[in-house]
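Participant: Structure incoming, see below.
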Ligand code: NAD
């Protein structure tokens, strides 16, 4: 009963125009930023996260504390738990599901392939099952990935480009998610929007990503490995700042048309949409290191190696004209500005002079 109260309180809107959104992966990097933005503008938000151990759990718990202070409750559970998802849908009538829970990272798939299928395929189906049965159905916005472009090397990537050559199991499960989403849209009239994020970075980011562990290792004086392509070509990423991604997510939620579902009089014009959310400005990994050295005021110890075939692709670059046209998406943060915000947060959060890192968040932008 106590649990139900916290769930409904968190999902309660404080404005009439707002939405009631279930955010999966809310204790994750992007999930916590999106949840906070929704709550701040008056939407009802309920989080769900299984707090898995893929990376530092303390970081996830600290994000949860920030969310809790903002009035967002995060239910601890797995998207594969059908009974739990049904119960949440019974207690709260969600207008939208922002589905960000996933097993992320391309290299970890070589050690733990099943976790990708579990979270990114089976878990997604479980959410879609509950959503299709809800009346009215919530509109779904979910995280696909730029990795679906795989071995396609025609840049910039546009949504119409081929995505049938994934380079990792992670990419393959995201591609599978897009196909599964299409089938639910087709049969059940669910409104579904897939967002292909391009290398998202920023405060409260993910420790398994290069900009994050480079920062850590450079500060420690530890050697970092910078990969170059086998043909000597540039390895680059279309690094996209978290605040820009959040705007894209909110744009996708705001433009999602909910169908009336099978219980309604007429099957609504259910949407099936896919958008690139990138920065349209790829930066070489060597340049990323140069910016970090400048911001940290420490010279990196670098080892340059040829990129192994481990699931990473050489180059990413988003064409964002569709997202710009239809979602009003336009990133405004360049890499140096964004990294500077990240470094400020990092030093604050991990400052050795702070006894309790979880409480140090009060001086960040949150
Ligand atoms: P993250 O790992 O920080 O967040 C994901 C959260 O989901 C984690 O807190 C994790 O505990 C939770 N989770 C995982 N499996 C779950 C399950 N079965 N049930 C419940 N919770 C579960 O990652 P992120 O960077 O915030 O990514 C969010 C989404 O965006 C993911 O779908 C990811 O694949 C996608 N994405 C991220 C990037 C990026 O650069 N960060 C790029 C492309 C796509």
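The values are calculated or read from the model by the stated rules, or taken from the named source; none is laboratory data. Remember, predicted model here, so these are calculated numbers, not experimental data. Positions of Cβ are backbone-derived with ideal geometry, glycine not excepted, and every protein chain shown enters the neighbour counts.
Participant: Within the bounds of the stretch 177-189, is there any residue that is under 22 Å from residue 244 (Cα atoms), in contact (Cβ under 8 Å) with a residue 40 or more places away in the chain and crowded, with 20+ Cβ neighbours inside 10 Å?
Facilitator: No - not one qualifying residue is present in the stretch 177-189.
Participant: Looking at the stretch 239-257 only, could you name the residues that are in contact with a helix residue (DSSP H, G or I) (Cβ under 6 Å, 6 or more places away or on another chain) and in a strand (DSSP E or B)?
Facilitator: Across the stretch 239-257, the qualifying residue is only 241.
Participant: Just to be sure before I move on: is residue 8 out of contact with any strand residue (DSSP E or B) (no Cβ under 8 Å at 6 or more places or on another chain), at negative phi and surrounded by 14 or more Cβ atoms within 10 Å (Cβ to Cβ) in the structure I sent?
Facilitator: Criteria met by residue 8.
Participant: Which residue, of 51, 19, is modelled with pLDDT of 95 or more, within 11 Å of the ligand (Cβ to nearest atom), in contact with a strand residue (DSSP E or B) (Cβ under 7 Å, 6 or more places away or on another chain) and under 25 Å from residue 241 (Cα atoms)?
Facilitator: Selected residue: 51, the only one of 51, 19 that is modelled with pLDDT of 95 or more, within 11 Å of the ligand (Cβ to nearest atom), in contact with a strand residue (DSSP E or B) (Cβ under 7 Å, 6 or more places away or on another chain) and under 25 Å from residue 241 (Cα atoms).
Participant: Name the one entry in 88, 100 that is surrounded by 16 or more Cβ atoms within 10 Å (Cβ to Cβ), within 16 Å of the ligand (Cβ to nearest atom), modelled with pLDDT of 95 or more and farther than 23 Å from residue 245 by Cα.
Facilitator: The unique qualifying residue is 88.
Participant: From 171, 176, 139, which residue is more than 16 Å from the ligand (Cβ to nearest atom) and within 19 Å of the chain's Cα centre (by Cα)?
Facilitator: Every option except 139 fails the conditions.
Participant: If you don't mind, there's one more thing I want to ask. If residue 83 meets every condition in (1) touching a residue at least 40 places away in the same chain (Cβ under 8 Å); (2) in a helix (DSSP H, G or I); (3) away from the ligand (no atom under 11 Å from the Cβ); (4) more than 25 Å from residue 346 (Cβ to Cβ) apart from one, which number is that one?
Facilitator: Looking at each condition in turn, residue 83 falls short on (1).
Participant: Give the residues of the stretch 224-237 that are out of contact with any helix residue (DSSP H, G or I) (no Cβ under 7 Å at 6 or more places or on another chain), in a loop (DSSP other than H, G, I, E, B) and in contact (Cβ under 8 Å) with a residue 12 or more places away in the chain, sorted by residue number.
Facilitator: Answer for the stretch 224-237, where residues must be out of contact with any helix residue (DSSP H, G or I) (no Cβ under 7 Å at 6 or more places or on another chain), in a loop (DSSP other than H, G, I, E, B) and in contact (Cβ under 8 Å) with a residue 12 or more places away in the chain: 229, 230, 233, 234.
Participant: Residues being surrounded by fewer than 17 Cβ atoms within 10 Å (Cβ to Cβ), in contact (Cβ under 8 Å) with a residue 24 or more places away in the chain and under 30 Å from residue 234 (Cα atoms): count how many of those fall in the stretch 119-154.
Facilitator: Qualifying residue count, the stretch 119-154: 2.
Participant: Hey, which of the helices (runs of 4 or more DSSP H) in the stretch 89-207, taking only ones fully inside, have at least 1 residues that are within 22 Å of residue 324 (Cα to Cα) and touching a strand residue (DSSP E or B) at 6+ places or on another chain (Cβ under 7 Å)?
Facilitator: The helices (runs of 4 or more DSSP H) meeting that bar are 169-188.
Participant: Still on this structure: So residue 166 fits all but one of (1) within 15 Å of the ligand (Cβ to nearest atom); (2) surrounded by 15 or more Cβ atoms within 10 Å (Cβ to Cβ); (3) in contact (Cβ under 8 Å) with a residue 60 or more places away in the chain; what number is the exception?
Facilitator: (3)
Participant: Could you please give the count of residues in the stretch 180-205 that are at negative phi and more than 16 Å from the ligand (Cβ to nearest atom)?
Facilitator: Qualifying residue count, the stretch 180-205: 9.
Participant: Here is a further query. Go through the stretch 220-254 and give me each residue that's modelled with pLDDT of 95 or more, surrounded by fewer than 16 Cβ atoms within 10 Å (Cβ to Cβ) and out of contact with any strand residue (DSSP E or B) (no Cβ under 7 Å at 6 or more places or on another chain).
Facilitator: 220, 221, 222, 254
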